[in-house]
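Accompanying notes for the structure given below.
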Amino acid sequence: MKLIYRLHNLLFPPKCVLCRKLLTDAETDLCHSCRADTPEHPHSRIKLPYIAQWTALWYYEGTVRSSLLRFKFRNARSYGQIYGRLLAMKLLQEQSEYDLLTWVPISRRRKWSRGYDQVSLIAQAVGQELCRPPIAMLKKDRNNPPQSGFPNAARRRANVLGVYKAIDPQQCAGKRILLLDDIITTGATAGECARVLLTAGAKEVHCAAVAAAPHQRKEQ
Ligand SMILES: [Zn+2]
């Protein structure tokens, strides 16, 4: 197993997930400068609709933004493992408590065209680290236009309203759920997922994402 791992590293030398510099033997997931210089997102006190508490690793800007764009649109699916590992560490530090782990899904059509459901990869990695396998609790039936096309919060809320369904409401009953997402911009998508889970009987919904829009910084 170790030999396979070494061979893999020889063929695909590990790179920093943010700046893409080759990592030294002393570095894991991120290079020293990205680890030191990328502003960490604090545990947020900003209220997002239907979400009890939320957190994110970084702000969605600079190398974080480019990294997430490669992850979502350029097939850098291996980043999911790294984002998930870093997010799990942050969740452990924050000692957030919840019963179930799930994620914001994409539609079947989007999954078919992209080849992977990117947030489920993050959720699997978080689940591995926290020894709590994620459960698919939501499905997205409608392939609505991407949220990035709607800069205004009200339009974004309208664009996601009713597009998610709870797969099995019995799973949610009385549970504190951690919902994973890749990017939080206005919170419309995560909020709509949380609303559906609460309507299905969840006790509360927490959210954790890789990045949050930098405009949230002013309001911390
Ligand atoms: Zn780096």
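Looking only at residues that are near the ligand (Cβ under 9 Å from one of its atoms) and out of contact with any Gly (no Cβ under 9 Å at 6 or more places or on another chain) in segment 29-66, which one is nearest to E94 (Cα to Cα)? It would help to see each step written out before you state the result.
Start the filter on segment 29-66 by keeping residues that are near the ligand (Cβ under 9 Å from one of its atoms), which leaves 30-35, 37-38, 63.
Within this subset, residues satisfying the condition of being out of contact with any Gly (no Cβ under 9 Å at 6 or more places or on another chain) are 30-35, 37, 63.
Working: L30: 21, C31: 23, H32: 23, S33: 24, C34: 22, R35: 19, D37: 21, T63: 25 Å.
Only one residue tops the list, namely R35.
Examine segment 120-136 for a residue that is crowded, with 17+ Cβ neighbours inside 10 Å and within 18 Å of Y50 (Cβ to Cβ), and state whether such a residue exists. No, because not a single residue in segment 120-136 is crowded, with 17+ Cβ neighbours inside 10 Å and within 18 Å of Y50 (Cβ to Cβ). What single numbered condition from (1) touching a helix residue (DSSP H, G or I) at 6+ places or on another chain (Cβ under 7 Å); (2) among the basic types (K, R); (3) without any contact (Cβ under 8 Å) to a residue 12 or more places away in the chain fails to hold for K72? For K72, the failing item is (3).
In segment 25-47, the residue that is surrounded by the fewest Cβ atoms within 10 Å (Cβ to Cβ) out of those that are among the hydrophobic types (A, V, I, L, M, F, W, C) and closer than 22 Å to P13 by Cβ is A26. For segment 29-84, a tally of residues being part of a loop (DSSP other than H, G, I, E, B), under 18 Å from T185 (Cα atoms) and touching a Phe, Trp or Tyr at 6+ places or on another chain (Cβ under 7 Å) returns 2. Pairs linking a residue in segment 4-19 that is on the phi < 0 side of the Ramachandran plot and modelled with pLDDT under 90 to a residue that is assigned to a strand (DSSP E or B) and more than 14 Å from the ligand (Cβ to nearest atom), with Cβ atoms under 6 Å and 6 or more positions apart or on different chains, do not occur.
Could you grab me the full set of residues in segment 101-123 that are free of Cβ contacts under 8 Å to residues at least 60 places away in the same chain and assigned to a helix (DSSP H, G or I)?
R108, R109, R110, K111, W112, S113, R114, S120, L121, A123
Within segment 86-107, being out of contact with any strand residue (DSSP E or B) (no Cβ under 8 Å at 6 or more places or on another chain) and farther than 15 Å from A209 by Cβ holds for L92, Q93, Q95.
All conditions but one from (1) more than 24 Å from H43 (Cβ to Cβ); (2) modelled with pLDDT of 90 or more; (3) crowded, with 17+ Cβ neighbours inside 10 Å apply to F150; the one that does not is (2). Filtering segment 7-23 to residues that are within 11 Å of the ligand (Cβ to nearest atom), over 22 Å from the mean Cα position of the chain (by Cα) and not in a loop (DSSP other than H, G, I, E, B) leaves only L22.
The values are calculated or read from the model by the stated rules, or taken from the named source; none is laboratory data. All of these numbers come straight from a predicted model, not from anything done at the bench. Glycine gets a Cβ as well: all are built from the backbone with ideal geometry, and neighbour counts include every protein chain shown.
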